[in-house]
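The structure's right below; bear with me while I get my questions together.
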Amino acid sequence: MRPSVQTLDSPKITSTWPLRVRARRPVSTTSKRAIRIGILGLGNVGQAVARLAADRGATAHAGLRFHVEHALVRDLAKQRHCPKPGRTSVSAAAFLRGQYDVVIEALDAVEPARTLVARLLGRGTSVVTANKALVAEHGAHLESIAAANGSAFRYEATALSAVPFLGTLAARPLVASVERVLAVVNGTSNYVLTALDQPGASFDDAVSRAQALGYAEPDPSRDLDGLDAADKLVLLTSLFGWGRLSREALDVSGIRRVTSDDLAAARSMGGTIKAVVSAERDATGVRAFVGPAVLKSAEPLASLSGALNGIHLDGRHVRNLFFSGPGAGPDVTAATLLDDAIQAASYERLAHERPAAPARPVFPSSPATPWFLRITCPGVLPASSAIASLVGAAGLPVERVADHATGRSRWLSIGPQGRRDVDAAIARLANTHRMAAAAFRRI
Ligand SMILES: NC(=O)c1ccc[n+]([C@@H]2O[C@H](COP(=O)([O-])OP(=O)(O)OC[C@H]3O[C@@H](n4cnc5c(N)ncnc54)[C@H](OP(=O)(O)O)[C@@H]3O)[C@@H](O)[C@H]2O)c1
């Protein structure tokens with residue numbers, strides 16, 4: 001990652017992967033420059049890049065214009081909604097024969113992206129990418145190829161794609177020493193929870209609304225089950241230099257069990273429920289989880305509505321950094337990619353820089369946190385004090401019973417516990433009292 005701002009006499013600074021800081025001498029942009037780009041993939045994002053690149057008004061004030069030389073696709077017969085690139089082909093070899101200032105990678109999988117990006121960086125062509133999986137799995141290796149060959153590799157669009165925070169951190173190694181991250185990184189889940197936060201709203205209706213507005217895929221499972229958010233947490237923590245979190249060890253849950261009554265009960269306790277990713281690291285290791293959690297209303301992430309994303313960072317030297325904005329969408333992602341492309345094309349290359357360290361594997365543990373528990377009874381709802389005694393006897397430390405209740409359900413705040421103890425207590429309540437429970441963490 002290159003700095004966005006450097007002066008001519010800045011010293012050359014390097015730091016370890018990721019968020020690398022390297023001084024670059026800006027190339028003059030006083031005369032109007034044409035940046036020759038190649039696009040790998042003309043899907044939603046690739047087409048948006050081609051449309052924005054053709055909009056002369058968008059970059060005229062910066063003295064720049066783009067020329068899309070060549071686009072690589074899988075199917076030439078597909079209809080595209082963008083200006084025609086200089087050339088469109090299905091041949092990777094033909095694409096690689098082209099000359100580009102920057103290549104924008106917008107393919108939908110790790111291969112052939114990894115092979116093509118490695119080839120381009122290896123011959124000194126800069127690449128910018130929106131491909132999360134590529135950067136999470138091969139970012140360190142590709143960065144080392146770029147460093148050895150004087151090319152730039154940029155990936156601001158991979159995490160909260162329209163929120164330019166990675167470049168900001170990359171230029172500030174002290175601020176970038178992140179030790180805790182709490183973030184809303186899945187716009188679909190955030191939209192669904194926002195739509196669900198209405199009296200009587202159903203989960204299925206909220207998902208249908210998200211689909212109708214284009215915020216959710218026809219099959220939204222990866223979003224609703226927390227898998228997309230887990231991928232993003234793995235990417236973020238590796239970009240913060242923590243190593244590569246093991247997906248198998250990560251505590252992941254989705255939002256399918258959240259109801260509009262849960263949101264009303266959380267509100268009665270001064271909070272709301274958001275689908276978050278959370279990770280904290282200290283000398284003893286990394287504790288992390290992905291899933292719905294009750295946030296206090298004072299937490300800035302609690303106010304994010306609709307498809308917005310946000311990230312709250314605490315570092316060794318600076319705490320309470322907060323960035324928010326649109327986390328996805330072809331048009332905003334295209335703007336970030338083209339900004340990355342301008343930066344990549346505007347700096348002189350320095351060959352033979354220190355190669356990046358590969359991300360080592362890290363096995364996160366599931367943290368002990370306070371919880372928010374919904375208890376649903378098969379018959380008449382017992383009084384608050386009776387519910388609190390039963391939950392306490394099942395092994396959970398009750399802090400408070402919410403005023404909000406429905407005909408069959410009550411909500412309780414529980415003190416800090418590990419997930420395994422919470423699950424065991426829920427099983428005891430089901431076996432002994434035929435009570436159903438759903439538990440959400442509290443942050
Ligand atoms: N959509 C967003 O809002 C968003 C936001 C941030 C990041 N991203 C990332 O951006 C990337 C692209 O997303 P997208 O939504 O644009 O995906 P998409 O619509 O599925 O487009 C993928 C493109 O890749 C091409 N492609 C796939 N395999 C190929 C191959 N072997 N050879 C040549 N072309 C190939 C496809 O060609 P055909 O069209 O010919 O099939 C298609 O044009 C993904 O990595 C995604 O995670 C997306």
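Tally up the residues in region 133-147 that are closer than 21 Å to V49 by Cα, crowded, with 20+ Cβ neighbours inside 10 Å and touching a residue at least 40 places away in the same chain (Cβ under 8 Å), please.
Looking only at region 133-147, we keep the residues that are closer than 21 Å to V49 by Cα, and these are 133-135.
Those still in the list that are crowded, with 20+ Cβ neighbours inside 10 Å too: 134-135.
Subsequent filtering for residues that are touching a residue at least 40 places away in the same chain (Cβ under 8 Å) retains 135.
Counting residues in region 133-147 that are closer than 21 Å to V49 by Cα, crowded, with 20+ Cβ neighbours inside 10 Å and touching a residue at least 40 places away in the same chain (Cβ under 8 Å) gives 1.
Could you name every one of the helices (runs of 4 or more DSSP H) located completely within region 75-182 that has at least 3 residues being of a type in the set (A, V, I, L, M, F, W, C) and in the same structural domain as G38 (by TED's automatic domain parsing)?
On the way: elements: 92-97, 113-122, 132-149, 166-170.
In region 75-182, 92-97, 113-122, 132-149 are the helices (runs of 4 or more DSSP H) which contain 3 or more residues that are of a type in the set (A, V, I, L, M, F, W, C) and in the same structural domain as G38 (by TED's automatic domain parsing).
Among the residues of region 98-118, which ones are of a type in the set (V, I, T) and under 18 Å from V49 (Cα atoms)?
Narrowing region 98-118 to residues of a type in the set (V, I, T): 102-104, 110, 115, 117.
Correct list: V102, V103, I104, V117.
Inspect region 278-291 for any residue being part of a loop (DSSP other than H, G, I, E, B), farther than 15 Å from A439 by Cβ and not polar (S, T, N, Q) and give the result as yes or no. Walk me through how you get there before you give the answer.
Of the residues in region 278-291, the ones part of a loop (DSSP other than H, G, I, E, B) are 283-284.
So of that shortlist, the ones also farther than 15 Å from A439 by Cβ come out as 283-284.
Subset that is not polar (S, T, N, Q): 283.
So far as region 278-291 goes, yes, one or more of its residues are part of a loop (DSSP other than H, G, I, E, B), farther than 15 Å from A439 by Cβ and not polar (S, T, N, Q).
Which residue out of A92, A54 is more than 16 Å from the ligand (Cβ to nearest atom), modelled with pLDDT of 95 or more and touching a Pro at 6+ places or on another chain (Cβ under 9 Å)? Quick ask: steps written out before the conclusion?
Details: A92 fails: more than 16 Å from the ligand (Cβ to nearest atom).
Answer to the check: A54.
Select, from R256, R287, R244, the only residue that is surrounded by fewer than 20 Cβ atoms within 10 Å (Cβ to Cβ) and without any contact (Cβ under 8 Å) to a residue 60 or more places away in the chain.
On the way: R287 fails: without any contact (Cβ under 8 Å) to a residue 60 or more places away in the chain; R244 fails: without any contact (Cβ under 8 Å) to a residue 60 or more places away in the chain.
Matching residue, one of R256, R287, R244: R256.
Sticking with this one: Among the residues of region 61-87 satisfying the criterion of being within 13 Å of the ligand (Cβ to nearest atom) and more than 31 Å from the chain's Cα centre (by Cα), which is nearest to L40 (Cα to Cα)? Let's see the steps before the verdict.
Here is the first cut: in region 61-87, the ones within 13 Å of the ligand (Cβ to nearest atom) are 70-82, 85.
Then drop every residue that is not more than 31 Å from the chain's Cα centre (by Cα), which leaves 76-77.
Numbers: L76: 13, A77: 16 Å.
So the residue we want is L76.
The values are calculated or read from the model by the stated rules, or taken from the named source; none is laboratory data. Keep in mind the model is a prediction, meaning the values are calculated, not measured. So basically every Cβ, Gly included, is an ideal-geometry build from the backbone, and we count neighbours across all protein chains shown.
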